[in-house]
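Enquirer: One structure follows; several queries about it will come next.
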Amino acid sequence: MREILFDTETTGVFPDHGDEKLRDRIVEIGCVEVFNLERTGREFHAYFNPDRDVPEEVVRVHGLRLEFLRNHKRFAEVVQEFLEFIADAPLVAHNAAFDQGFINAELRRCGLAQLGDERFVDTLAIARKKFPGASNSLDALARRFQLDRYGFDLAARKGAGGHGALIDSRILAEVYLHLKGGREQRLAFDAGEAAVADAAVLRPVEFTRRAPRPTPLPSLLTTEEEAAHRAFIEKLGENALWLKAS
């Protein structure tokens, strides 16, 4: 199944602020395509001119200043490319309601249809069910699944400007794979190997009869043990099963 793992960076947390001048905007979006929980290599990434200031406390998170962003296109100029990339695939995000709110706010400004709740999958909700009571931020999950083993620089994310939409989407794709049991699924046979394995399981078991020894092994019983055994058999009577089997 095709899915889109995505993340947004914004100017703040209020896309629907009552004062239009204070409404927060998307400044970056990153998307990663996965098919059957495997990254395909196809990605979508764009920075946007928000037409408003970027508060310094937000800059410390993603490092994107207005001086840089004003040289990029506005969301409305890239929206069709974005919609073509996501198509009708499920959209997977960490704390998806946040990103959904911003994307739909931008779509409304463009006069386009909003994306319904059924399109979104929230990895935060999945993680909370899997690890109740634990920290389930994207960074915490990345550490839990030791994503540094796969080349992600988790230490760099602790510094100023350490977060970015595309790198977060790539991390999220790997986290999602772990949350869905994808690492274990990769251990399974592929279709061809599974067919061979099934044939081996269904093949009748063949036993090879071993040739008898040319001379029997010598008895390890003592004379006393043999006498005790004969006495025991005599007590069983002439109909004893031991006599019929011997």
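Enquirer: Keeping to the stretch 126-138, report how many residues are surrounded by fewer than 17 Cβ atoms within 10 Å (Cβ to Cβ) and either in a loop (DSSP other than H, G, I, E, B) or in contact with a helix residue (DSSP H, G or I) (Cβ under 8 Å, 6 or more places away or on another chain) (or both).
Expert: 7
Enquirer: Hey, any hits in the stretch 149-157 for a residue that's part of a loop (DSSP other than H, G, I, E, B), modelled with pLDDT of 95 or more and aliphatic (A, V, I, L, M)? Lay out the reasoning, then the answer.
Expert: Pass one, the stretch 149-157, residues part of a loop (DSSP other than H, G, I, E, B): 151-154.
Adding the requirement that they be modelled with pLDDT of 95 or more leaves none.
The answer is no; no qualifying residue exists.
Enquirer: Here is a further query. Could you count how many residues in the stretch 24-38 are in contact with a strand residue (DSSP E or B) (Cβ under 6 Å, 6 or more places away or on another chain) and in a strand (DSSP E or B)?
Expert: Residues flagged as in contact with a strand residue (DSSP E or B) (Cβ under 6 Å, 6 or more places away or on another chain) and in a strand (DSSP E or B) within the stretch 24-38 amount to 10.
Enquirer: Can you tell me which residues in the stretch 92-114 are assigned to a loop (DSSP other than H, G, I, E, B), touching a residue at least 12 places away in the same chain (Cβ under 8 Å) and either among the small types (G, A, S) or farther than 17 Å from A165 by Cβ (or both)?
Expert: Start the filter on the stretch 92-114 by keeping residues that are assigned to a loop (DSSP other than H, G, I, E, B), which leaves 94-95, 110-114.
Now restrict to residues that are touching a residue at least 12 places away in the same chain (Cβ under 8 Å): 94-95, 110, 112.
Listed by number, the residues that qualify are C110, L112.
Enquirer: Can you list residue pairs whose Cβ atoms sit under 7 Å apart, with the first residue in the stretch 50-78 being over 19 Å from D7 (Cα atoms) and the second being modelled with pLDDT of 95 or more and among the hydroxyl-bearing types (S, T, Y)? Count only pairs 6 or more apart in sequence or on different chains.
Expert: Within 7 Å, the pairs are R52/T11; P55/T11.
Enquirer: Can you work out which of the residues in the stretch 1-59 that are small (G, A, S) and loosely packed, with under 13 Cβ neighbours inside 10 Å is farthest from the chain's Cα centre (by Cα)?
Expert: G18
Enquirer: When you check R170 against the structure, is it loosely packed, with under 11 Cβ neighbours inside 10 Å, in a helix (DSSP H, G or I) and modelled with pLDDT of 85 or more, yes or no?
Expert: No; evaluated as a whole, the condition is false for this residue.
Enquirer: Among residues belonging to the stretch 60-91 that are at pLDDT below 95 and either among the basic types (K, R) or not in a loop (DSSP other than H, G, I, E, B) (or both), point out the one that is farthest from the chain's Cα centre (by Cα).
Expert: Among those residues, the one meeting the criterion is R60.
The values are calculated or read from the model by the stated rules, or taken from the named source; none is laboratory data. All values reported here derive from a predicted model rather than from experimental measurement. Please note: Cβ atoms are built from the backbone with ideal geometry, for glycine as well, and neighbour counts cover all protein chains shown.
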